[in-house]
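Following: one structure in structure tokens, then a few remarks.
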Amino acid sequence: MSDETMPIEDYLAQGGVLTSPDNVPARYRGELLRLMASFVDSELAGSAGFADTINDAPGILERISAARIVLEKTDHAGQVLKIMESFGADGRRYAVHHPWAARLSRDADIGAARQDGDMRLSVFHYPLEGWVDAVVMNVLMGKAGIIQLRELSHVSYQPLAEVFRRILPRETRHLELGIAGLERIAANPAERDAALASIAYWHPRVAASFGLSGSARYGTLLRFGLRHTPNETLLAEWQADVEAQLSALKLI
């Protein structure tokens, strides 16, 4: 690590923020771009996958909710991609450089691994199977996303932190729409078994999106002010939140 970088690391470790690509050290830049790419790819893949379920929605209100989620997730990807462009990314090319709707087989098992330069969270490589499955995934991943966004709202790159803080209320609304849908499903005996099967399927795959416990990279991200809470702590918060939600709906 160069002498120039060390004082900046110390500054970041003490809660300092950066505001421009011009004063970002090389390693920080790499980690920041990786973080942004993971978010953008996940939002693009998530919205593309959910778009396929709009026609499975059981009513007009559900179709409107699904379409809104697809639109706004795509917009969130665009907001973060604009920051990536300030670091030299080609936004137009980036938005089409992966087939975002592509999925692996339902029984694939990739853990938390990335796939061929596609930085989406691994959970977005698995296919949805119908409306009930999509609602369950939206609730479980929505709760994970809110926890992760709260963490990311404090990243040390100020322009990005501001975008995440703007995005958080809309992602919270997506979760609320999902919970409302799951409440209707839980009250329908004909759909209850399908919901339970989907919960069993998605729960471990969403859990994997929090990354490894004791991650070696976490220490680097902590020093850079790009993370503040360990993976295992965020995962435990999610597990408790999901258990409380599913218990309230009598789905566990």
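Translational diffusion of the chain, estimated by Stokes-Einstein from the Kirkwood radius over alpha carbon pairs at 10 °C in a medium of 1.306 mPa s, is 84 µm² per second. Shape summary of region 61-109, radius of gyration then Dmax from alpha carbon positions: 14.4, 41 Å. Considering only alpha-carbon pairs that sit under 8 angstrom and 6 or more positions apart, the relative contact order computed for the chain is 24 percent.
Here the spin labels are modelled as points 7 Å beyond Cα on the Cα-Cβ line, and at ALA180 and SER20 they lie 4.5 nm apart.
For the chain, the mean residue ellipticity at 222 nm estimated from helices alone is -22000 deg cm²/dmol, where every DSSP H run of n ≥ 4 contributes -39500 (n - 2.57) and the total is divided by all residues, rounded to the nearest 500. Once the chain from LEU196 to ARG92 is taken as fully extended at 0.36 nm per residue, the excess over their C-alpha distance is 33.4 nm. Within the shell defined by Cβ-Cβ distances under 12 Å, the residues around ALA200 carry a net charge of -1, with Lys and Arg each +1 and Asp and Glu each -1. Between amide H atoms placed 1.01 Å from N, distances below 5 Å from LEU18 occur with TYR157, GLN158, all of them 5 or more places distant or on a separate chain. Each residue, GLN239 and ASN55, gets one label point 7 Å from its Cα in the Cβ direction; the gap between the two is 4.0 nm.
Simple rule: put +1 on each Lys or Arg Cβ and -1 on each Asp or Glu Cβ in the chain, find the dipole, and look at GLY49, LEU71, LEU18; the Cα lying farthest toward the positive end is LEU71.
Remark: region 80-89, residue by residue, has Karplus-estimated 3J(HN,Hα) of 6, 4, 4, 5, 4, 5, 5, 9, x, 5 Hz, where x stands for each Gly or Pro and the curve is 6.51 cos²θ - 1.76 cosθ + 1.60 at θ = phi - 60°.
Placing pseudo-labels 7 Å out from each Cα toward the beta carbon at ARG173 and ASP107 gives an inter-label distance of 4.1 nm.
At 0.890 mPa s and 25 °C, plugging the Kirkwood radius over alpha-carbon pairs of region 137-252 into Stokes-Einstein gives what diffusion coefficient in µm²/s?
Approximately 160 µm²/s, per Stokes-Einstein.
Here, each number is a calculation from the coordinates, and none is a lab measurement. Please read all numbers here as calculations on a predicted model, not as lab measurements. Backbone-built Cβ (ideal geometry, glycine too); neighbour counts: all protein chains shown.
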